[in-house]
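Working notes, beginning with the structure itself.
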Amino acid sequence: MHQIGRNSSRDKYSSGFRTPMSERASKELALLTPGGVNSPFRSFKEVGGHTIFFARAEGSRMFDIDGNTYIDFVGAWGPAILGHAPAGVVRACQKALGEGPVFGAPHELEIEMAKAVINAIPSIERVRFVNSGTEAVMSAIRLARGITNNLDVIMFEGGYHGHSDSTLSSKTQYRAGVPMQEHTLEAIFNDLESVERQFRANKGRIACVILEPVPGSMGVIAPTQEFLEGLRKLCTDNGALLIFDEVLTGFRVGYGGAQDLYKVKPDLTCLGKVLGGGLPIGAYGGRANFMDQLEPVGDVYQAGTFSGNPVTMAGGIAMLSALSEPDVYPTLEERTDQLFDGLAPVIKKLRLNVQLQRVGSMFAIMFCDRPVRNYKDSLMIDKDAYANFFRYLLEHGVYMPPSATDAACVSYAHTPDDIDATIKVCERAFAALSAAGV
Ligand code: PLP
């Protein structure tokens, strides 16, 4: 058992949390790559201090280059649902690597992987593999536009769908360098009336409605059943496609994703993260007649040198096979129950303004005084309070997302002892925050 939050594997410091090697490395990488990160999510801009550099990750633990050990709840932002480096997935990838990492031509693992995805996700009859969630979303939107001959996309305030232009041009996601597109419209999550208004105002122009059925970037928000069913009906009635971006929720909130949990079938589904077993992946799929609009059958273009490469397919097949074991999702549910059952009484006793929200093993600890149901609610989250909480946890061996509004994840590798240890650290962090008047 590793000691949490101390220099356990290298006994270089007598006591306390120290990260001089990470500090040095973060300064060095910042000279070479913007902000010292290859993806802004990883930056500690919101929580302060330098990033932690990791040497290794295994099971529920991550090991930094200074010798500190952390119980990890970031899960690589979703993919590590079995914990880090699951043996079966690693072995399958190593074998495929030995046979050639990329062919740029069909191979049999693509058949097995496509069958596994089609069996798992209720609305998918045909699937195409790509290399990231961003690519899956970008391609699914293009396909929806190709099928409907319409250009407008309705997304939801605060929704995150990766970094393609269409979804970064909404008001709440807008970033410099993105062409302002009049074709990206926004509605309010869990508010069907706001979607109806967009359909009315843009009659005959909507290609698709895209949403994370369980948003994970404005805290974790459960959709109402009526909302998802209402979206399904609105899209059908208006000849628009319903796209579920299940890049995060796919194989996470259940083996069949959110569409299986809520029994609502989208026209197209985007997948990624868990699906690749830790290797870069994205996928999109749906009804056969829709998917067959893609080249080389139809005329909607999308391609990729590395798409469906054997190593990723092998990792994905091993991952999906492990996830189909009957105890996986009940265990994830049990561990997340244990975490919330441990945290809730502490929050109540200390009368903290903290909301615990989850769907399956996707969860958020949000510093605000009311439940979060949409983007506007998420603006109430106290980022400074979260930053203090995050830093306390980090210094005591628990790694949470370095962002107050992003989903954390429980993994199958978390043991009841891991969860108990995490509850104890959180309890002390809450007490410290309470003493400081948060
Ligand atoms: N869609 C959702 C819901 C996501 O959470 C993410 C990533 O966090 C993406 C799309 C983009 O995926 P990727 O980072 O693999 O491009």
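Could you list which residues have their amide H under 5 Å from that of Leu82, counting only those 5 or more apart in sequence or on another chain, with H placed in the peptide plane?
Residues meeting the amide H criterion: Tyr412.
In square angstrom, rounded to the nearest 10, how much accessible surface does Arg200 have for a 1.4 Å probe?
Solvent-accessible area, nearest 10 Å²: 150 Å².
Of the options Gly342, Met180, Pro34, report the single residue whose Cα projects farthest towards the positive end of the charge dipole of the chain (beta-carbon charges: Lys, Arg +1; Asp, Glu -1).
So the residue we want is Pro34.
Report, to the nearest 10°, how far helix 310-323 tilts away from the longest principal axis of the Cα atoms in the chain, using its own Cα long axis and a range of 0 to 90°.
70 degrees
Give, rounded to the nearest 20 debye, the magnitude of the charge dipole that the chain has about its Cα centre when Lys and Arg contribute +1 at Cβ and Asp and Glu contribute -1 at Cβ.
740 debye
Between Leu379 and Lys263, what length comes free when the chain is fully extended (0.36 nm per residue of separation minus the Cα-Cα distance, one decimal in nm)? Before the final figure, lay out each step's value.
Numbers: separation 116, 0.36 × 116 = 41.76 nm, distance 2.99 nm.
Extra length available between Leu379 and Lys263 comes to 38.8 nm.
If r is the Cβ-Cβ distance from Asn149 to Asp369 and R0 is 51 Å, what FRET efficiency results, to the nearest 0.05?
Once the sixth-power term is evaluated, E becomes 0.65.
Given the whole protein assembly as supplied and a 1.4 Å probe, what does the accessible area of Glu226 come to in Å², nearest 10?
120 Å²
Any chance you could give the angle, 0 to 90 degrees and rounded to 10, that helix 383-395 forms with the longest Cα principal axis of the chain?
Approximately 60 degrees, to the nearest ten.
Please report the carbon-and-sulfur percent of the accessible area for the chain; probe 1.4 Å, protein heavy atoms only, DNA, RNA and ligands left out.
Exposed carbon and sulfur together represent 53 percent of the surface.
Would you mind telling me which residue in Asp406, Asp245, Asp369 has the biggest mean-square fluctuation in a Gaussian network model of the chain, where springs connect alpha carbons within a distance under 10 angstrom?
Maximum among the listed residues: Asp369.
Return a whole-number percent for the relative contact order of the chain, with Cα pairs under 8 Å and 6 or more residues apart as the contact set.
RCO, the chain: 22 percent.
Rounded to the nearest 10 Å², what accessible area does Ser169 show when all protein chains are kept and the probe is 1.4 Å?
It works out to around 0 Å².
Taking every pair of Cα atoms in region 344-428, average 1/r, invert it to obtain the Kirkwood radius, and report Rg/Rh to two decimals.
Result: Rg/Rh = 0.94.
Report the calculated FRET efficiency for Arg351 and Glu46 (r = Cβ-Cβ distance, R0 = 35 Å), to the nearest 0.05. It would help to have the intermediate numbers written out before the result.
On the way: r = 26 Å, r/R0 = 0.73.
Working from the Cβ atoms, E equals 0.85.
Enumerate the calculated ³J(HN,Hα) couplings along region 287-298 in order (Karplus 6.51 cos²θ - 1.76 cosθ + 1.60, θ = phi - 60°), each rounded to whole Hz, writing x wherever the residue is Gly or Pro.
Coupling constants for region 287-298: 4, 4, 5, 6, 5, 6, 7, 7, 4, x, 7, x Hz.
Once you place label points 7 Å from the Cα toward the Cβ at Ala436 and Ser321, how far apart are they in nm?
If labels sit at Ala436 and Ser321, their model points lie 4.8 nm apart.
Compute the distance from the alpha-carbon center of region 326-382 to that of region 103-144, in whole Å.
What the calculation gives is 32 Å, centre to centre.
Hey, can you find the accessible area per residue of region 79-180 for me, probe 1.4 Å, expressed in square angstrom? Could you put the intermediate results ahead of the total?
Working: 4790 Å² over 102 residues.
With the other protein chains kept in place, region 79-180 gives 47 Å² per residue.
Which whole-number value in Å³ per residue fits the convex hull of the alpha carbons of the chain?
Looking at the chain, the number lands at 144 Å³ per residue.
Restricting things to Cα coordinates, could you compute the convex hull volume per residue of region 157-288 in Å³?
Normalising the Cα hull of region 157-288 by residue number yields 118 Å³.
Picking from Gly67, Ala240, Leu268, whose Cα lies most toward the positive end of the charge dipole for the chain (charges on Cβ: Lys, Arg +1; Asp, Glu -1)?
Positive-most Cα among the choices belongs to Gly67.
Nearest 10 degrees, 0 to 90: what angle lies between the long axis of helix 192-201 and the longest principal axis of the chain (Cα atoms)?
Its long axis makes an angle of about 40 degrees.
Return the calculated 222 nm mean residue ellipticity for the chain, to the nearest 500 deg cm²/dmol, obtained by summing -39500 (n - 2.57) across DSSP H runs with n ≥ 4 and dividing by the residue count.
On the way: 14 runs with 164 residues, N = 438.
That calculation yields -11500 deg cm²/dmol at 222 nm.
List residues of region 299-313, by number, whose backbone nitrogen lies under 20 Å from a label position 7 Å along Cα→C-beta of Gln181.
Answer for region 299-313: 299-304.
Using modelled backbone amide H atoms (1.01 Å from N, in-plane), which distant-in-sequence or interchain residues come within less than 5 Å of Cys208's amide H?
Distant-sequence amide H within range of Cys208: Ile154, Leu241.
How much length is gained on full extension from Ala105 to Thr305, taking 0.36 nm per residue of separation minus their Cα-Cα distance?
Full extension from Ala105 to Thr305 adds 71.1 nm.
The values are calculated or read from the model by the stated rules, or taken from the named source; none is laboratory data. None of the values given here were measured: they were computed from a predicted structure. When we count neighbours, we look across all protein chains shown, and the Cβ atoms used for this are built from the backbone with ideal geometry, even at glycine. When the accessible area is computed, the model is the full protein with side chains, heavy atoms only, and any ligands, DNA or RNA have been set aside. Shrake-Rupley method; radii C 1.70, N 1.55, O 1.52, S 1.80 Å.
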